[in-house]
Amino acid sequence: MLKRYGLVILVAGLLAGCQTSMQSVAVGGGDEPADSVRMEAVADSGMEQPPTRGLGAADDVKDNDVPAVESGLETEDALNVCEVPVDPETLEDMELLSDVDKKPPEDEGDTAVERDPVYDLPVVENDKVRYFIDYYTKRGSRGFRRWLERSGRYLPMMQAVFAEEGLPLDLAYLAMIESGFNVKACSRANAVGPWQFIASTGKMYDLHNEWWRDERRDPVKATRAAARHLRDLHARFNGDWPLAIAAYNAGPGKVSQAIRRTGSRDFWKISRGKHLRAETRNYLPKLFAVLHIAKSPAKYGFENLRYQAPLVYDEVALPSSTDLDIVARLCDVKYEDIQNLNPELKRWCTPPGIKNYRLRIPAGKREAFMKAYAKIPANRRANYRHYRVRSGDTLGALAVRYGIRSRDIMLLNRIKNPRALRIGSDLILPLRRDYSKAPVAALGDDYVRSKTRSYKVRNGDSLWRIARRFNVSTAQLAAWNGMAVNGVLRPGKVLKVAGGASRKLVLTGTYRVRSGDNLWTIARKRNVTVSQLCAWNGLSKNSLLKPGMVLKLAAAGGSVKSRKIIYKVRSGDSLWSISRRFDLAIGKICSLNNLGRKHVLQPGQKLTLLVGDDHRG
């Protein structure tokens, strides 16, 4: 993980005036008073200027003429904004990537250099390396298997890039200990993507990051940047790969400082004591452990691996901003397929203002796509516009200004109460009547962005209690603070939290039902309740699931309300049976009552439970 810090300056330009082009749209008259209030066009969608008034534009203006109110989240300051992934698989990856529950030996013991020609790095084996081999093959085996299988998609491309840059191919496995080859990985230091670049270092290597895209998440562009950075570090440390690799994690300044303090250029010597942080001291042993396992997975118990197919695609140059659902329709594939090929795109369309943006589409689709695309008028390629609410804005005024219906704005953005419109919140404006709801999920990032706060742990606190207090999930809170979900909290410890982060209407992903699944098993697997799954998917608790069905997984801390009850344990009760009866995770029952997972319940014992309002058990 790269530790070079810097300030990311976010500037939201205010577009005004009457002149319009394919790249810009006027949002107010040039002679508007300075103190007047309007909706800020955060970025352009490539559409022509809509009429001042259109059919049905203000059919319900009076009912929606309510000014926006303060949300408490103004312009995002990169120093005060945390990013935490919200999809369950990424949260699991981030927990395995952290060092919170890993305690390797302080001394590496005897170090044996591997002579096997299968390696093109100076790989060694010692006590620290064996510790991580043992960890990945036992306690962390489930996640590590997923990483190995995911490597099939990205490793061939990464090694090809490294070969072009003249680097050892085994260095590509650094992406495994950085992110588990997960393009959505996002650390507590706001390092993002498969190579975990922070914004400032990514900028040094020409990775763009703004509201519409984040090239740190693009596997190809980020790999090219990582290769250049590793090559620079290798040169700085006079061809010493162990030191260069350590510097990729800690930063070259930290490693140089450790060299000066110890008087040694041997990684194993400078990693003794506290000259480097534990994360950096463990970094090289992790890489060597990964190489040992990845080169001979069956030897270490990883058999019958289902490696993902290598990343293949066609590229097309789009002359103007285009909605991804249009691209998906022309390619005859799902919207998610286009998203997965273009992980740098954070929204529903290609970035406005970038001419000939190169978009990836499924392999073999290029010729048919270009013929169909050429038939779509330029002003029909983008059907939505992004706006950020400013003081005094109303849905009615917005509808009048852009010739659309306020009812459509409410439906598309899931606004139930116009009075709840918040200053600083983001809206999607449907500029066509035949809009779809596909862009709504892309309005928010697939990680949570929110102002950070600090919380000092008190006596009796648990991770679960704190997560409920700030309306986030325990997995998000743990990822924020580099902790295990079942980690022990000590009074006085200061945690980073983002209040109300999960209140955003952001879908965290989907789950495809497999044979043998039911609502209960899926809820346990995804750390949600059956009630939440039902609410998000319009199901009842008795609904039968069919293999292949796709379920929505909404942001943790959804709209299901809860109440506290005291339950008296009966003969034959167990944590498992009570968790099933009340639709609760066993971990939540344990956290609320300060119990271990193996605790044996006694008849008459009283448990505090937080159950859904709809529970009548």
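For the stretch 186-197, enumerate the residues that are surrounded by fewer than 24 Cβ atoms within 10 Å (Cβ to Cβ) and closer than 18 Å to A247 by Cβ.
The answer is S187, A189, A191.
Taken over the stretch 387-409, the residue count meeting the criterion of being in contact with a Gly (Cβ under 6 Å, 6 or more places away or on another chain) and in a helix (DSSP H, G or I) is 1.
For the stretch 219-242, does any single residue satisfy the condition of being among the hydroxyl-bearing types (S, T, Y), under 16 Å from Y283 (Cβ atoms) and either within 20 Å of the chain's Cα centre (by Cα) or in the same structural domain as C186 (by the TED database) (or both)? No; the residues of the stretch 219-242 include none that is among the hydroxyl-bearing types (S, T, Y), under 16 Å from Y283 (Cβ atoms) and either within 20 Å of the chain's Cα centre (by Cα) or in the same structural domain as C186 (by the TED database) (or both). In the stretch 511-539, of all residues being at pLDDT below 75, out of contact with any Asp or Glu (no Cβ under 8 Å at 6 or more places or on another chain) and not in a helix (DSSP H, G or I), the one that is farthest from V611 (Cα to Cα) corresponds to G538.
Looking at the stretch 543-554, which of its residues are touching a Leu at 6+ places or on another chain (Cβ under 9 Å), assigned to a loop (DSSP other than H, G, I, E, B) and not aliphatic (A, V, I, L, M)? Of everything in the stretch 543-554, just one residue is touching a Leu at 6+ places or on another chain (Cβ under 9 Å), assigned to a loop (DSSP other than H, G, I, E, B) and not aliphatic (A, V, I, L, M), namely S543.
Mind checking whether some residue in the stretch 452-463 is assigned to a helix (DSSP H, G or I) and modelled with pLDDT of 70 or more? Yes, the conditions are met somewhere in the stretch 452-463. Within the stretch 223-248, residues that are more than 23 Å from A278 (Cβ to Cβ) have Cβ atoms under 6 Å from residues that are in a helix (DSSP H, G or I) in these pairs: T223/M158; T223/V161; R224/V161; A227/V161; A227/F162; H234/A244; R236/P252, counting only partners at least 6 apart in sequence or on another chain.
Table: residues versus (1) in a loop (DSSP other than H, G, I, E, B); (2) free of Cβ contacts under 8 Å to residues at least 40 places away in the same chain.
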| residue | (1), (2) |
| --- | --- |
| R139 | yes, yes |
| W147 | no, no |
| R150 | no, no |
| M157 | no, no |
| L167 | yes, no |
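Taking I326 as the residue in question, decide whether it is open to solvent by less than 40 Å² (accessible area, probe 1.4 Å) and over 30 Å from R216 (Cα atoms). No: the conditions fail for I326.
Against the criterion of being among the aromatic types (F, W, Y), open to solvent by 20 Å² or more (accessible area, probe 1.4 Å) and either within 23 Å of the chain's Cα centre (by Cα) or over 19 Å from L287 (Cα atoms) (or both), W211 qualifies.
Yes or no: T350 touching a Ser or Thr at 6+ places or on another chain (Cβ under 7 Å), surrounded by 15 or more Cβ atoms within 10 Å (Cβ to Cβ) and more than 20 Å from L207 (Cβ to Cβ)? No; evaluated as a whole, the condition is false for this residue.
Might you check whether a residue that is surrounded by fewer than 20 Cβ atoms within 10 Å (Cβ to Cβ), in the same structural domain as L97 (by the TED database), out of contact with any Phe, Trp or Tyr (no Cβ under 8 Å at 6 or more places or on another chain) and among the aliphatic types (A, V, I, L, M) occurs anywhere in the stretch 174-185? There is no residue in the stretch 174-185 that is surrounded by fewer than 20 Cβ atoms within 10 Å (Cβ to Cβ), in the same structural domain as L97 (by the TED database), out of contact with any Phe, Trp or Tyr (no Cβ under 8 Å at 6 or more places or on another chain) and among the aliphatic types (A, V, I, L, M).
Looking across the stretch 355-377, the residues that are in a helix (DSSP H, G or I) and more than 13 Å from D323 (Cβ to Cβ) come down to R366, E367, A368, F369, M370, K371, A372, A374. Annotation note: of W241, W268, the sole residue that is among the aromatic types (F, W, Y), under 24 Å from Y205 (Cβ atoms) and open to solvent by 10 Å² or more (accessible area, probe 1.4 Å) is W241. Based on this model, can you work out whether K365 counts as more than 21 Å from L341 (Cβ to Cβ) and assigned by the TED database to the domain that holds Q339? No.
Note on the stretch 91-131: among residues that are of a type in the set (D, E) and modelled with pLDDT under 80, the one that is surrounded by the fewest Cβ atoms within 10 Å (Cβ to Cβ) is D116. Pairing residues of the stretch 310-325 that are touching a residue at least 12 places away in the same chain (Cβ under 8 Å) with residues that are among the β-branched types (V, I, T) and open to solvent by less than 30 Å² (accessible area, probe 1.4 Å), at Cβ distances under 7 Å and at least 6 apart in sequence or on separate chains, gives Y313/I361; D314/I361; V316/I361; L318/T350; S321/T350; T322/T350; L324/I338.
Only residues that are more than 30 Å from P242 (Cβ to Cβ) and either under 27 Å from the mean Cα position of the chain (by Cα) or polar (S, T, N, Q) (or both) were counted in the stretch 283-307, giving 2.
The values are calculated or read from the model by the stated rules, or taken from the named source; none is laboratory data. Nothing here was measured: the structure is a model prediction, and the numbers come from that model. Virtual Cβ from ideal backbone geometry, glycine too; neighbours counted across all protein chains shown. Side chains included, ligands, DNA and RNA excluded: accessible areas come from the protein's heavy atoms. Shrake-Rupley method; radii C 1.70, N 1.55, O 1.52, S 1.80 Å.
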